[in-house]
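Structure first, commentary second.
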Amino acid sequence: MATMAQAIRMALHYGEENLGVTDVFGEDVGPPLGGVFTASQGLKTAWNSPLDERGIIGTALGLALAGQRPVCEIQFGDYIFNTIDLLKIVGNTHWSCIGQFEVPLVCMTIVGAGIHGSIYHSHSFESVAAHIPGWKIVLPSTPIDAYGLMISAIKDPNPVMFLYPKALIRVKGEQRIPGEPDEKILKRMIDAPTGPTLAHIEQARVDWKPEWPSGLTDYQVPFSKANIVQEGTDITVVTYARHVFMARQAAAQLKESDGVSVEIVDLRTLYPWDRETVMNSIRKTGRVLVLNEDTPVCNFGEHILREIITECFYELHARPRLLAGADVPGVGLHEILELASIPQVQNIVDEIRGICAEEP
Amino acid sequence: MATMAQAIRMALHYGEENLGVTDVFGEDVGPPLGGVFTASQGLKTAWNSPLDERGIIGTALGLALAGQRPVCEIQFGDYIFNTIDLLKIVGNTHWSCIGQFEVPLVCMTIVGAGIHGSIYHSHSFESVAAHIPGWKIVLPSTPIDAYGLMISAIKDPNPVMFLYPKALIRVKGEQRIPGEPDEKILKRMIDAPTGPTLAHIEQARVDWKPEWPSGLTDYQVPFSKANIVQEGTDITVVTYARHVFMARQAAAQLKESDGVSVEIVDLRTLYPWDRETVMNSIRKTGRVLVLNEDTPVCNFGEHILREIITECFYELHARPRLLAGADVPGVGLHEILELASIPQVQNIVDEIRGICAEEP
Amino acid sequence: MKKDVKLKIFDLMVTARCLEERMIKMSKSADGHFWLGGPGEEAFNVPLGMLSRPGRGVEYDYFHFHYRNAATMLAMGMDPRDELRQANNRATDPFSGGRNFVNHFARVEWNVCPVTSTIQTQWLIAPGTARAQKRHGGEGITIVTCGDAGTAEGDFHIGLNWATQPGWDLPLLFIVTNNRYGISTSYDQVHGAGNIAEMARGYGMEFGIVDGTDVEASYSKLEEVMDFVRKERRPYLLEASVSRLYGHSSSSGANRVPEDSETDPLEEWVKKLIKAKLLTRKDYQAKYEAETQRMNEYLKEVKQEPAPTPESIYDHIYKDA
Amino acid sequence: MKKDVKLKIFDLMVTARCLEERMIKMSKSADGHFWLGGPGEEAFNVPLGMLSRPGRGVEYDYFHFHYRNAATMLAMGMDPRDELRQANNRATDPFSGGRNFVNHFARVEWNVCPVTSTIQTQWLIAPGTARAQKRHGGEGITIVTCGDAGTAEGDFHIGLNWATQPGWDLPLLFIVTNNRYGISTSYDQVHGAGNIAEMARGYGMEFGIVDGTDVEASYSKLEEVMDFVRKERRPYLLEASVSRLYGHSSSSGANRVPEDSETDPLEEWVKKLIKAKLLTRKDYQAKYEAETQRMNEYLKEVKQEPAPTPESIYDHIYKDA
Ligand SMILES: Cc1ncc(C[n+]2csc(CCOP(=O)(O)OP(=O)(O)O)c2C)c(N)n1
Ligand SMILES: Cc1ncc(C[n+]2csc(CCOP(=O)(O)OP(=O)(O)O)c2C)c(N)n1
Ligand SMILES: [Mg+2]
Ligand SMILES: [Mg+2]
């Protein structure tokens, strides 16, 4: 099955061939590298920008105002924090000119910990992003969702923040993307040849061209539709990205050990998020854990929790909880530090146990 | 009584005379203007920076690393959003070098709506600020608190974000700052002469020097100490800045009309905040409204709410609520738009009524 | 310059001045909350508007304005009532529906991109529209303006850098209107060496300086450099010295600066036209009074128009997909 | 240059190279998660360290490093074990306690300010330490380094601007090590006209270029410009061409670049010393092997030291008031 990097690449290819994408750009996004995580390899509209995040967002906005359809990349979510003023402008443009200009741009950036990224390659961005009005925000956990959300992002006339998790970028999917060929074939078709050094890579890619799968479609994952990853009856876990998988592991363990039945909701779109699915699940289970890895103060999960309280307060059987990253200035490099900073399976198990043990 | 602008000015003066403040700087902070809100008039260490927020924060950090004690200003909180990466660095410096370098800097910036500031002069900043680890964050509602918190900020060896509300900057205090002379005398002593144009102002101030009140002290408002603005028994309102006054108005109205007794907690320090005072109040009243004017998604009030839920869930008699600004990309200029975007007294009355009417 | 062009510029300058003065008065009354604008920049801003090519799409010019470009908009054909609608925060304000400060234009039919108050960010956005134009070909260019103090932002340089990427020189006219002040901070306090325009050197970019209070100098320089950018499809950095006749904004009083402290470009132009026998002082006074009167009447008219509704704050957050 | 200085430089260059190679191997094993560093920059970075004045406080130099300055730190007197402690994320890592990537130094006793991975932000911080030094007087200067690609950030210009404020020229040595790449993007793809150093012109700042792979050129240029900055108390922008012998970082493989594709400054220096009869190839080989061996042993030693504890993540968030 395709990895998330391959899925994004295919969606971008579909976008430039069929949906009017004019520019895929950012630091190291064009040849020879095609993105430090390979998500833009072989794309015909991909180009390398200067090392300058502010210029990237500004130019993307300008391109969008001029009727182009840009997809820009900030190389790491960790390096998007010098552009918050610009992201606010992007988000307010359509509103402040009372709808005169459309802003059909996609900003993609990779987020989260899990690759021993240390202080500057482990940041989450969803909490700050969600605080900025005017954007739609997605964060897929699987290759097929990445594909379908990218197609939706490109088609949408509004700015879309396409976040994707560092820890899952090379993980293969469990579900085939429509038109996706067999794994080995796909690799041969669209993965650029590589080499031990940049010189070798440049050399190997001089004449290389990808062979794109012919059967790709405009398969969309609609915005604001969460995915019930597994059904359950005792407690709802509202999460996304890497923690979907950790929640699954925790749930399997709890099923086995405690006989607890966990329902896992993968939000996929963080804003505007799927209230209906979340609230219905909580109405059913009466208990909820919101789970992510961003730092805990003004955490996006606190927003979800507040909405849950607003809508389901009297239906909850137990105190709802947030399990988030530690309240520290960064994720330390040593594995011990990273594990202590980011919720792990055992922490999830403990929280779920705690919630299920509460008797009002 | 002194206005908040005068109070800050006096605290900064006290700081440069007695607490080692070396630089008070930012856009229009030095002569001739002394700050667009006059908060730095007449200070001996005040100087004008280039129009460049990134340079201001960077230089402040450099000064602090070199053992200086800078107070920098971002002219409007609205214009701090191009420095979030730097604020993160400021906040992580002491931690990432395991305590080797201290970062004793104060960053002051004026926030919030209420002066017909339209899209770019009405922003709140507390929610994004509180998401950045390593800072202490204050937001006073009165001149005396502004004085006392500024003294605390200057004395603290950590970076402090000194937010202050646009809407209250010219409001006179109800309580005298230790050493503060009579209002008219104070004005004559420390308010710079003014004029119809910049040329006149420059002229008038060529030979002007403030005469600082001699009795100023190092009166401190300690960090993480909330203020119970008024005691009450039926419901707790947790708020700060301008909404302390709106809450007081709402409370007076409700006392009169419904006989409801409202307890108002002015947080003053937003991070690390005074959990004890908040939780004790809620334990007493059983009901809570969190109130501020920032946009509602990933709002600082959601953090407070989450902590309340964590600690007092089973003691609440009614669903706790957040009343925040509207979820829109900006505050529109027309008064009608501003009133619809920022919680007003009547909205507060309605929310409190709603909470008090709930019967579990 | 032909006679009718000279007089057209005169007419537009007077209109611009009277419109701004009308708005200044509004900011001191209940009719407006705030003013900032361009009195003192008309000799430059009017020619800029006259020589530009407004329209919709990459064939036409794109504009990323600073907040002092009312005269440019008038020269492009703006109805002064539209500006008054914004100054009076009417729902009918075609730029922002009563949401934004005055002189914060946005007009998609003319490629006038939304003006933001955030100093210098427009220099980051301009390379985007210019890149689309470069790819498209034709003669459409992107025009971006800013003040002198704002050039201290790193964004000033980012704009220049993106406009000179190898193989991607952009058809982008960068304009700095240097009034030697950022609010209260004088240029000399914060600007080290040389002129701002000379920063272009580091990018191998053409640059020039013009007296922006002089109509003829401005017109001919703009003609020259706009032609250069249109034809050569390469960027140019132009610095224009201008005046700030009513101070920074209504926040700093919006009072007329002391006589002779700054050049009044309108007065200078009037003098030249009188000298050239194209105008009499009386004509000027009559025109000035008539325009003042017209603006008064426009305001009366505009004030009758509906205010925005509370619910409208939620309009246009997203474009429907 | 005296003989002993030449040989001291040689010794330090070998140590630096062997240390980096030791860490590269670590990044390919379980001993380290990541590597990026300075092989190819030693001819410049060693003299930089030797000529600087480390110490604590404004009397001494302040350093705001890029992430390729291990050779500089060694020349300043760093124990290679300290770097290995960071590479192996030990609790004993004196710079970050196992928190940060390798070559992310911070040492308060030497005024080495914390290295951050965020490209170019150090250029915003450097004017702060330099301003404190300007005010203090003396001969302490601030030294800030960066790569070529990072100069595209607006922050590059902000640094130059703040160093040349009227009346406040700062004792600040700006250094760009130009290896003609930012990760995979070549300099020629993204840099328009002229050299980076020439950007200084717009600020009236002195500037120069040096072959950073040539020990003697680097040493004498650094001697000259550091003396200038110390004495004149004015800024200087120096661009040094350097090599990137193991690619960008371990993320891009950290393999040695093809023979002859980039100058190896150590090899060049060895050749010169051999020619000058100050060294034999055998001496070099022996030294290289001895240093490699020393690093292996250091690593063994360092690996015995304690790992950080989970609870330690909360240490040092705030300094106690
Ligand atoms: C990013 C940002 N910082 C600060 C401000 C506040 N501010 C508004 S105008 C101004 C001065 C601008 O001076 P200049 O660029 O010379 O333009 P001018 O007003 O003189 O035309 C300042 C500091 C702002 N609007 N945006
Ligand atoms: C603000 C920021 N953007 C992007 C990155 C990712 N990144 C790390 S190194 C690098 C290239 C830097 O190139 P250059 O400045 O030439 O320095 P070199 O590595 O060549 O020494 C990039 C893009 C980063 N660390 N910080
Ligand atoms: Mg100006
Ligand atoms: Mg480089």
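Per-structure values
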{"read-out": "Cross-chain or 6+ apart pairs with Cβ under 6 Å, segment D:234-255 first and more than 9 Å from chain A (Cβ to nearest Cβ) and within 12 Å of ligand 4 (Cβ to nearest atom), then charged (D, E, K, R) and in a loop (DSSP other than H, G, I, E, B)", "value": "D:Val242/D:Glu41; D:Ser243/D:Glu262"}
{"read-out": "Filter result for C:Gln133 (out of contact with any Lys or Arg (no Cβ under 7 Å at 6 or more places or on another chain), under 25 Å from A:Leu86 (Cβ atoms) and not in a helix (DSSP H, G or I))", "value": "no"}
{"read-out": "Pick from segment A:341-359, criterion part of a helix (DSSP H, G or I) and within 14 Å of chain B (Cβ to nearest Cβ), ranking: surrounded by the most Cβ atoms within 10 Å (Cβ to Cβ)", "value": "A:Ile355"}
{"read-out": "Of all residues in segment B:65-81 being facing chain D (nearest Cβ under 7 Å) and among the hydrophobic types (A, V, I, L, M, F, W, C), the one that is farthest from B:Pro157 (Cα to Cα)", "value": "B:Ala66"}
{"read-out": "Pick from segment C:107-116, criterion surrounded by 24 or more Cβ atoms within 10 Å (Cβ to Cβ) and touching a helix residue (DSSP H, G or I) at 6+ places or on another chain (Cβ under 7 Å), ranking: nearest to B:His116 (Cα to Cα)", "value": "C:Thr116"}
{"read-out": "Helices (runs of 4 or more DSSP H) fully within segment D:205-321 counting 2 or more residues that are in contact with a Gly (Cβ under 8 Å, 6 or more places away or on another chain)", "value": "D:215-232"}
{"read-out": "Out of D:Ile119, D:Ile141, D:Ile125, sole residue that is among the β-branched types (Val, Ile, Thr), at the interface with chain B (Cβ under 9 Å from one of its Cβ atoms) and crowded, with 24+ Cβ neighbours inside 10 Å", "value": "D:Ile125"}
{"read-out": "Residue list for segment B:6-25, restricted to those being assigned to a loop (DSSP other than H, G, I, E, B) and either touching a strand residue (DSSP E or B) at 6+ places or on another chain (Cβ under 8 Å) or more than 14 Å from every other protein chain (Cβ to nearest Cβ) (or both)", "value": "B:Val21, B:Thr22"}
{"read-out": "Filter pass, A:Asp28 being at positive phi, of a type outside the set (S, T, N, Q) and either more than 9 Å from chain C (Cβ to nearest Cβ) or in a helix (DSSP H, G or I) (or both)", "value": "yes"}
{"read-out": "Condition check for D:Gly147: within 16 Å of ligand 4 (Cβ to nearest atom), at the interface with another protein chain (Cβ under 9 Å from one of its Cβ atoms) and not acidic (Asp, Glu)", "value": "yes"}
{"read-out": "Residue satisfying condition, being small (Gly, Ala, Ser), in contact with a Cys (Cβ under 6 Å, 6 or more places away or on another chain) and at pLDDT 95 or above, within set B:Ser152, B:Ser127, B:Ser141", "value": "B:Ser127"}
{"read-out": "Options A:Ser122, A:Ser141, A:Ser127: the member that is on the phi < 0 side of the Ramachandran plot, in contact (Cβ under 8 Å) with a residue 12 or more places away in the chain and within 14 Å of chain D (Cβ to nearest Cβ)", "value": "A:Ser122"}
{"read-out": "Test: D:Arg201 is under 24 Å from D:Ala149 (Cβ atoms) and surrounded by fewer than 21 Cβ atoms within 10 Å (Cβ to Cβ)", "value": "yes"}
{"read-out": "Some residue of segment B:214-227 being more than 30 Å from C:Asn255 (Cβ to Cβ), in contact (Cβ under 8 Å) with a residue 60 or more places away in the chain and not in a loop (DSSP other than H, G, I, E, B)", "value": "yes"}
{"read-out": "Pairs where the first residue, in segment D:175-187, is farther than 15 Å from D:Gly247 by Cβ and within 11 Å of chain A (Cβ to nearest Cβ) and the second is more than 16 Å from ligand 1 (Cβ to nearest atom) and assigned to a strand (DSSP E or B), C-beta under 8 Å, 6+ apart", "value": "D:Tyr187/D:Asn178; D:Tyr187/D:Tyr181"}
{"read-out": "Helices (runs of 4 or more DSSP H) enclosed by segment B:35-134 - at least 2 residues per element that are in contact with a strand residue (DSSP E or B) (Cβ under 7 Å, 6 or more places away or on another chain) and within 16 Å of ligand 1 (Cβ to nearest atom)", "value": "B:53-65"}
{"read-out": "Condition check for C:Gly159: in contact (Cβ under 8 Å) with a residue 40 or more places away in the chain and facing chain A (nearest Cβ under 10 Å)", "value": "no"}
{"read-out": "A:Glu174 being touching a Pro at 6+ places or on another chain (Cβ under 7 Å), in the same structural domain as A:Asp78 (by TED's automatic domain parsing) and charged (D, E, K, R)", "value": "no"}
{"read-out": "Enumeration of residues in segment C:107-154 that are within 16 Å of ligand 3 (Cβ to nearest atom) and within 19 Å of A:Phe25 (Cα to Cα)", "value": "C:Trp123"}
{"read-out": "Members of segment D:166-180 found to be surrounded by fewer than 20 Cβ atoms within 10 Å (Cβ to Cβ) and within 13 Å of ligand 4 (Cβ to nearest atom), listed by number", "value": "D:Arg180"}
{"read-out": "Check on C:Ala91, of a type in the set (A, V, I, L, M) and surrounded by fewer than 24 Cβ atoms within 10 Å (Cβ to Cβ)", "value": "yes"}
{"read-out": "Some residue of segment A:82-101 being at the interface with chain C (Cβ under 8 Å from one of its Cβ atoms), crowded, with 24+ Cβ neighbours inside 10 Å and under 21 Å from the mean Cα position of the chain (by Cα)", "value": "yes"}
{"read-out": "When residues of segment D:293-321 are limited to those that are touching a residue at least 60 places away in the same chain (Cβ under 8 Å) and hydrophobic (A, V, I, L, M, F, W, C), the one nearest to the other protein chains (Cβ to nearest Cβ)", "value": "D:Ala307"}
{"read-out": "D:Ala71 under 24 Å from A:Ile115 (Cα atoms), crowded, with 24+ Cβ neighbours inside 10 Å, in contact with a Gly (Cβ under 7 Å, 6 or more places away or on another chain) and among the small types (Gly, Ala, Ser)", "value": "no"}
{"read-out": "Residues (of a type in the set (A, V, I, L, M) and farther than 30 Å from D:Arg180 by Cα) located in segment D:262-294", "value": "D:Ala276, D:Leu278, D:Leu279, D:Ala286, D:Ala290"}
{"read-out": "Criterion: buried (at least 24 other Cβ atoms within 10 Å of the Cβ), assigned to a loop (DSSP other than H, G, I, E, B) and not assigned by TED's automatic domain parsing to the domain that holds B:Ile137 - qualifying residue of B:Gly332, B:Gly325, B:Gly301", "value": "B:Gly332"}
{"read-out": "Which numbered condition A:Pro178 misses (of (1) surrounded by fewer than 23 Cβ atoms within 10 Å (Cβ to Cβ); (2) under 20 Å from A:Asp23 (Cα atoms))", "value": "(2)"}
{"read-out": "Considering residues of segment D:144-165 that are assigned to a strand (DSSP E or B) and away from ligand 2 (no atom under 11 Å from the Cβ) only, the residue surrounded by the most Cβ atoms within 10 Å (Cβ to Cβ)", "value": "D:Val144"}
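The values are calculated or read from the model by the stated rules, or taken from the named source; none is laboratory data. Predicted, not measured: the structure shown is a model, and the values here were computed from it. Every residue, glycine as well, gets a Cβ built from its backbone with ideal geometry; the counts of neighbours run over all protein chains shown.
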